[in-house]
Amino acid sequence: MEEKDLIVSAKRGDQLAFAMLFKNNYPFLVKYLIKITMNPDAAEELAQETMAICVEKIGLFNGKSKFSSWLITIATNLYIDQKRKSKREKSWKAQEEVFRRMKWHLESRNEEWNDALSALGKLKDEIRIPIVLKHYYGYSYEEIGKMMNISSGTVKSRVHNGIMSVREELKLHGEQEGAAAGTRSSR
Amino acid sequence: MVNRKVLQLEQDHQDEQLLAAVKEIEDGLETLEENVPVYTPDLQFFENLVAEQKQAMKRKLIGELAIFTVAALLIVTSVLFMLYQVPSVFFILQGVVTVFIMAYSTVSFVKQVNGT
């Protein structure tokens with residue numbers, strides 16, 4: 001069955017159609033959430049909460065965008081709301097712990113941890129999310145604006161400022177590494 | 001002229017650095033995409049999730065309907081009680097409510113007109 005047919009059946013209340021839609025989109029949604037939370041456990045939890053909201057609001061889905069984009073919109077707003085409500089803007093220490101786990105995870109698979117990820121993780125959510133949506137998923141500024149209920153101009157400036165911060169962070173990191181290498185070679 | 005050329009070179013250099021930062025970000029995110037495994041539960045799990053959510057929605061709807069019915073009954077009972085026992089209070093209340101609704105609508109309308 002195609003996605004369109006599944007959506008029609010789901011709107012009629014077909015549980016199996018709902019389940020198939022969710023199963024097909026689950027990896028995409030979780031991977032998106034991992035990128036914005038940098039935390040696989042939180043990402044899975046949020047994905048399941050997103051799907052629960054989806055069951056409630058399927059009647060509002062107009063089919064103009066892809067189902068996966070709609071899921072991303074719900075997940076993004078849910079994540080921002082939860083952060084705002086609980087005011088659990090994680091301290092840098094806690095965030096560092098999350099990065100360490102992620103870094104360990106990647107290194108255990110013989111993958112190098114990218115400094116841009118650390119720099120990205122230091123950004124506020126409202127800046128990190130548009131960068132991920134723009135530069136990884138290729139959404140336009142207008143689409144991101146609609147997803148996050150902000151103007152496209154705001155999205156553009158957030159993305160630009162965010163990338164400038166990442167660039168500065170990378171430059172700083174490069175200089176520190178250069179200095180360390182210089183000290184080693186002088187010894 | 002020389003200044004303009006220097007400025008242009010600086011601008012180009014900055015653009016290059018921005019593009020390099022974007023590339024680093026994309027590479028980092030790609031690493032996450034490819035190397036963090038995601039376990040997708042089976043279909044039964046998602047069916048249960050949908051069924052549970054529908055049950056929760058049903059319970060919520062019943063609860064809200066019950067609260068609405070009780071509140072409506074309370075309001076109707078108290079209004080009828082006032083009408084038969086203390087009619088003067090009933091008519092005063094009617095007047096107050098009418099004035100309040102008119103004032104509220106006017107203020108909202110004015111705000112809407114000023115806002116556009």
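Rule-based calculations on the coordinates, nothing more; no lab input. Here the structure is a predicted model, which is why all the values come from computation and not from measurement. Every residue, glycine among them, receives a Cβ derived from its backbone with ideal geometry; neighbour counts consider all protein chains shown.
What does the C-alpha gyration tensor say about the overall shape of chain B? Classify as rounded when a/c is under 1.5, otherwise prolate if a/b is larger than b/c, or oblate.
In terms of gyration-tensor shape, oblate.
Got a sec? Charge dipole of the protein assembly as shown, +1 on Cβ for Lys and Arg, -1 for Asp and Glu; which of B:VAL79, A:LEU78, B:VAL50 is way out at the positive end?
Of the candidates, B:VAL79 comes out farthest on the positive side.
For A:LYS11, list the lysines whose Cα falls under 28 Å from its own Cα; do not include residues on the same chain fewer than 8 positions away.
Filter leaves A:LYS23, A:LYS31, A:LYS57, A:LYS64, A:LYS66, A:LYS146, B:LYS54, B:LYS58, B:LYS60.
Which value, in debye to the nearest 20, describes the size of the charge dipole of segment A:1-91 about its Cα centre when Lys and Arg Cβ atoms bear +1, Asp and Glu Cβ atoms bear -1, and nothing else is charged?
380 debye
Can you tell me what the convex hull of the Cα atoms of the protein assembly as shown projects to on average, as an area in nm²?
On the way: hull surface 108.4 nm².
Computed as one quarter of the Cα hull surface, the answer is 27.1 nm².
Note the direction-averaged projected area, equal to a quarter of the hull surface, for the Cα convex hull of segment A:1-76, in nm².
If I average the Cα hull's projected area over directions, I get 4.5 nm².
Between B:VAL97 and A:MET164, how many nm apart are label points set 7 Å from Cα along the C-beta direction?
Distance between the two pseudo-spin positions: 5.8 nm.
Once you keep just the Cα pairs under 8 angstrom separated by 6 or more residues, what percentage relative contact order results for segment A:1-91?
Working: 55 pairs, mean separation 20.8, N = 91.
Relative CO of segment A:1-91 lands at 23 percent.
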